[in-house]
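Asks: Have a look at the structure that comes next, please.
The values are calculated or read from the model by the stated rules, or taken from the named source; none is laboratory data. Just so you know, these numbers come straight off a predicted model, no measurement behind them. Neighbour counts run over all protein chains shown; Cβ positions are idealised from the backbone, glycine included. Just so you know, the surface numbers come from the protein's heavy atoms only, side chains and all, with ligands and any DNA or RNA stripped out. Shrake-Rupley method; radii C 1.70, N 1.55, O 1.52, S 1.80 Å.
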Amino acid sequence: MGTGLLSSAFPRREGVLWAGGVPLSRIHEEYGTPLYVYDAAVVRQRYDRLVDAFAGVELMLAYSVKANGNLALLDLLRRLDSGADIVSGGELFRVRAAGFDPERVVFAGVGKSEEELAEAIRWGIHGFHVESQAELETIDRLATRLGKRTPIGLRVNPDILSPTPHAYTRTGHAQAKFGIPAGDVVELYRWAASREHLWCRGIDVHIGSQIVSPDPHVQALDQVLEIVERLRAEGITLEYVDLGGGFGVRYADQSETMPVEALARRIVPSVSAAGLRLVLEPGRFLVGEAGVLLTRVLLVKHSGEKTFVVTDAGMTELIRPSHYGGEHEIEPVRENGAARRVVDVVGPICETGDFLARDRELALPVAGDVLAVRTAGAYGFVMSSNYNARLRPAEVVVDGERVELVRERERMVDLIRGERIPEWG
Ligand SMILES: Cc1ncc(COP(=O)(O)O)c(C=O)c1O
């Protein structure tokens, strides 16, 4: 059960939650609900914290765009000198629109289409993180056709079952679709090194998401560095190792977060000793705690033993609770002094799986109250949908005293955009 304040982001002052220098009550009064609110200062703090922690090695932070692709956040991170980790042509389009330098973009993903690969080859990205022999051969063919020497790094599957809170966020074990088994990697590098248009530039591993202990990352790095040494002995010298992302943040059920300074102390010496640059792909760590979802209570429903707080946001706005069993801290934007009760916070969507929290102790709200769902900056808006013909919410960024609408709330007309009624025979 979630209790109390877990995070220094969005503090409570005189009974009201704030984002930077602005009370959240003022923001939802102006922009309505459901609403995502991001605090730019928190993103900057998180970015600086990683940079400071890894100061002992040449570092490129490649923000994992999948966590939150809003152009304003991409622009903010690019200005901090972040690179980007993308997984689709759509994310490539986004980072181009946000003005990223292609030389700071890496491209992972188990199923990149030829169109997506060709586009990124032409653009000249930092590295393709290749997840199969078939993909490597396709990149070779496209690079040859386009006459572009193309940088690649094989994504190693180290067969590590990382301790993430949900099975769906483990990506480094043998049963997962991601990466290439460690035992097959050297042979594929040999082949790649023999191809005129492939440039063996790096090596990559990403073992999962929301990990709070350094051990699995250290294990993965050790395996990868062994491969790097074997390759070097054969005359294949790589420039960088990419350890992926996955650094855990604070949710209601997890007070532990990834101690990135301790992680850095354990990996920086070996990466430096290997003469490599380090690439990291944090997503959640940079933006997770920097976001809240604001949702209005539509009604409170007593049903037998249960009390349901029905809100205007649900699984269509934030799917983490139902999809990953994610536990988000939920609290009123404005304290109402009510007694605490154990409730389910549910959305209006026609699914029993539509909930934001179950069996959660909360000061019992009344209709019209606005709740803040914490740690919603990552895998929140990006996973929202129009199911039940719901309008996706607006997004706002706060920077100190400034409040900027960075994505308009969808309108009804957006729901049918691109649809056609045929001339029925
Ligand atoms: C290849 C890759 N890199 C980085 C990330 C970012 O993970 P996180 O947001 O947990 O840092 C992911 C997330 O799934 C990923 O698949």
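Asks: Within the stretch 156-200, how many residues turn out to be within 25 Å of the chain's Cα centre (by Cα) and either modelled with pLDDT of 95 or more or not aromatic (Phe, Trp, Tyr) (or both)?
Replies: 24
Asks: For the stretch 173-289, please list each of the strands (runs of 3 or more DSSP E) lying entirely inside it that holds at least 2 residues being in contact (Cβ under 8 Å) with a residue 60 or more places away in the chain, away from the ligand (no atom under 15 Å from the Cβ) and touching a strand residue (DSSP E or B) at 6+ places or on another chain (Cβ under 7 Å).
Replies: Numbers: elements: 198-204, 240-242, 277-280.
Of the strands (runs of 3 or more DSSP E) lying wholly inside the stretch 173-289, those with at least 2 residues that are in contact (Cβ under 8 Å) with a residue 60 or more places away in the chain, away from the ligand (no atom under 15 Å from the Cβ) and touching a strand residue (DSSP E or B) at 6+ places or on another chain (Cβ under 7 Å) span 198-204.
Asks: Considering the stretch 124-162 alone, what residues qualify as being within 13 Å of the ligand (Cβ to nearest atom) and either surrounded by fewer than 23 Cβ atoms within 10 Å (Cβ to Cβ) or in a loop (DSSP other than H, G, I, E, B) (or both)?
Replies: Listed by number, the residues that qualify are Glu131, Ser162.
Asks: In addition: Hey, Ala9 hits all of (1) closer than 22 Å to Val249 by Cα; (2) in a helix (DSSP H, G or I); (3) open to solvent by less than 30 Å² (accessible area, probe 1.4 Å) but one; which does it fall short on?
Replies: (2)
Asks: Still on this model: Out of all the residues in the stretch 278-318, which are open to solvent by 40 Å² or more (accessible area, probe 1.4 Å) and not polar (S, T, N, Q)?
Replies: Those that are open to solvent by 40 Å² or more (accessible area, probe 1.4 Å) and not polar (S, T, N, Q): Arg296, Leu298, Leu299, Val300, Lys301, His302, Gly304, Glu305, Lys306, Phe308.
Asks: For Ser82, only one of the following conditions fails: (1) farther than 26 Å from Arg407 by Cα; (2) within 16 Å of the ligand (Cβ to nearest atom). What is its number?
Replies: Only one criterion is unmet by Ser82, namely (1).
Asks: For Gln254, are the conditions met, namely being crowded, with 19+ Cβ neighbours inside 10 Å and either in the same structural domain as Thr138 (by TED's automatic domain parsing) or in contact with a Phe, Trp or Tyr (Cβ under 9 Å, 6 or more places away or on another chain) (or both)?
Replies: No: the conditions fail for Gln254.
Asks: Looking for something open to solvent by 10 Å² or more (accessible area, probe 1.4 Å), assigned to a loop (DSSP other than H, G, I, E, B), touching a residue at least 24 places away in the same chain (Cβ under 8 Å) and among the small types (Gly, Ala, Ser) - is there at least one such residue anywhere in the stretch 406-422?
Replies: No; the residues of the stretch 406-422 include none that is open to solvent by 10 Å² or more (accessible area, probe 1.4 Å), assigned to a loop (DSSP other than H, G, I, E, B), touching a residue at least 24 places away in the same chain (Cβ under 8 Å) and among the small types (Gly, Ala, Ser).
Asks: Only residues that are among the hydroxyl-bearing types (Ser, Thr, Tyr) and touching a residue at least 60 places away in the same chain (Cβ under 8 Å): list them for the stretch 146-170, please. Full working, then the answer.
Replies: Our first condition is that a residue be among the hydroxyl-bearing types (Ser, Thr, Tyr); within the stretch 146-170, this holds for 150, 162, 164, 168-169.
Matches in the stretch 146-170: Ser162, Thr164, Tyr168, Thr169.
Asks: Which residue pairs have Cβ atoms under 6 Å apart, sit 6 or more places apart or on different chains, and have a first residue in the stretch 112-134 that is touching a residue at least 24 places away in the same chain (Cβ under 8 Å) and a second that is polar (S, T, N, Q)?
Replies: Sorted first by the residue in the stretch 112-134, then by its partner, the pairs are Ile121/Thr150.
Asks: Moving on to the next point. Listed residues Arg392, Arg360; which is out of contact with any Phe, Trp or Tyr (no Cβ under 7 Å at 6 or more places or on another chain) and not in a loop (DSSP other than H, G, I, E, B)?
Replies: Matching residue, one of Arg392, Arg360: Arg360.
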